[in-house]
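Since the structure comes first, as structure tokens, the remarks are kept for the end.
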């Protein structure tokens, strides 16, 4: 049976006779991030997979797919040209907690901020209180579909036209919002669902969705 990416990361590390802390230091990540990778709780993005392959000396294709030789073979005819790095911006990656699901249909029971299912790695998030939610339902299709993951930033101000997670009378939903003096309109993108208006005094929060991660 083919190994998982988590198992291949662990094998690459142990073949190099490195512990998790040493690999984490080489990659400039926290040791707990490497632990999550090796447990399968979190999958590193392509940038980190390439760096893991380089640090451990394994073939990137093997690390990603499990196919081919574990260690890259060299050829005198192979020419590798480095990419010019001056034109690329360094992007900071952060680990966010993935909480329980939020409805993309009718409002439902609220998610629990203390229940972390796992962690995901994302880029370019400036809010230390940001978190991720899995969407259930199709009211925001095709922009946000059942099973997609949204990243929510409580820090960023929500404005009319934004897609937000809204808590109304202890129930949560994700919708595009139109904010008025006394009411907030919750507008689905799927025409099969009806918009609804709620009183501001019944709303606990309106938190902006800043990123959508599509399920595959």
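The values are calculated or read from the model by the stated rules, or taken from the named source; none is laboratory data. The shown structure was predicted, so the numbers you read here are calculated from the model rather than taken from an experiment. Heads up, the Cβs are rebuilt from the backbone with ideal geometry, glycines too, and the neighbour counts pull from every protein chain shown.
Somewhere in the stretch 202-211, is a residue in contact with a strand residue (DSSP E or B) (Cβ under 8 Å, 6 or more places away or on another chain), in a loop (DSSP other than H, G, I, E, B) and more than 18 Å from residue 98 (Cβ to Cβ)? Step through it out loud before you land on a result.
Step one: list which residues in the stretch 202-211 are in contact with a strand residue (DSSP E or B) (Cβ under 8 Å, 6 or more places away or on another chain), which gives 202-211.
Of the ones still in play, those that are also in a loop (DSSP other than H, G, I, E, B) are none.
Within the stretch 202-211, not a single residue is in contact with a strand residue (DSSP E or B) (Cβ under 8 Å, 6 or more places away or on another chain), in a loop (DSSP other than H, G, I, E, B) and more than 18 Å from residue 98 (Cβ to Cβ).
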Taking the stated definitions as given, is residue 206 farther than 14 Å from residue 143 by Cβ and under 24 Å from the mean Cα position of the chain (by Cα)? yes
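Quickly run through the stretch 19-31 and pick out the residues that are part of a helix (DSSP H, G or I), within 21 Å of residue 123 (Cα to Cα) and in contact with a helix residue (DSSP H, G or I) (Cβ under 8 Å, 6 or more places away or on another chain). Walk me through how you get there before you give the answer.
Of all residues in the stretch 19-31, those part of a helix (DSSP H, G or I) come to 20-27, 31.
If we keep only those that are within 21 Å of residue 123 (Cα to Cα) too, we end up with 23-27, 31.
Residues satisfying the conditions are 23, 24, 26, 27, 31.
Would you mind stating whether residue 159 is surrounded by fewer than 19 Cβ atoms within 10 Å (Cβ to Cβ) and within 22 Å of the chain's Cα centre (by Cα)? Spell out the reasoning first.
Working: surrounded by fewer than 19 Cβ atoms within 10 Å (Cβ to Cβ): yes; within 22 Å of the chain's Cα centre (by Cα): no.
No.
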Quick check: anything in the stretch 168-177 out of contact with any helix residue (DSSP H, G or I) (no Cβ under 9 Å at 6 or more places or on another chain), surrounded by fewer than 12 Cβ atoms within 10 Å (Cβ to Cβ) and at pLDDT below 85? yes
Neighbours by Cβ (under 6 Å, 6+ apart or cross-chain): first from the stretch 55-66, within 14 Å of residue 2 (Cβ to Cβ); second modelled with pLDDT of 85 or more and assigned to a loop (DSSP other than H, G, I, E, B): 62/70
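Within the stretch 34-43, take every residue that is in contact with a helix residue (DSSP H, G or I) (Cβ under 7 Å, 6 or more places away or on another chain) and in a helix (DSSP H, G or I) and give me the one that is nearest to residue 8 (Cα to Cα). Spell out the reasoning first.
Residues of the stretch 34-43 in contact with a helix residue (DSSP H, G or I) (Cβ under 7 Å, 6 or more places away or on another chain): 34-35, 37-40, 42-43.
Subsequent filtering for residues that are in a helix (DSSP H, G or I) retains 34-35, 37-39.
Working: 34: 12, 35: 13, 37: 10, 38: 8, 39: 11 Å.
Across the stretch 34-43, the extreme among qualifying residues is 38.
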Of all residues in the stretch 44-66 being surrounded by fewer than 17 Cβ atoms within 10 Å (Cβ to Cβ) and assigned to a loop (DSSP other than H, G, I, E, B), the one that is modelled with the lowest pLDDT: 45
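For the stretch 134-194, give me every one of the strands (runs of 3 or more DSSP E) that falls completely inside it and has 3 or more residues that are farther than 23 Å from residue 214 by Cα. Step through it out loud before you land on a result.
Numbers: elements: 149-153, 163-168, 171-179, 183-187.
Because the criterion is at least 3 residues that are farther than 23 Å from residue 214 by Cα, the strands (runs of 3 or more DSSP E) in the stretch 134-194 that meet it are 171-179, 183-187.
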For the stretch 184-202, give me the residue count where each residue is surrounded by 15 or more Cβ atoms within 10 Å (Cβ to Cβ) and touching a residue at least 12 places away in the same chain (Cβ under 8 Å). 9
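Looking only at the stretch 1-18, count how many residues are part of a loop (DSSP other than H, G, I, E, B) and in contact with a helix residue (DSSP H, G or I) (Cβ under 8 Å, 6 or more places away or on another chain).
3
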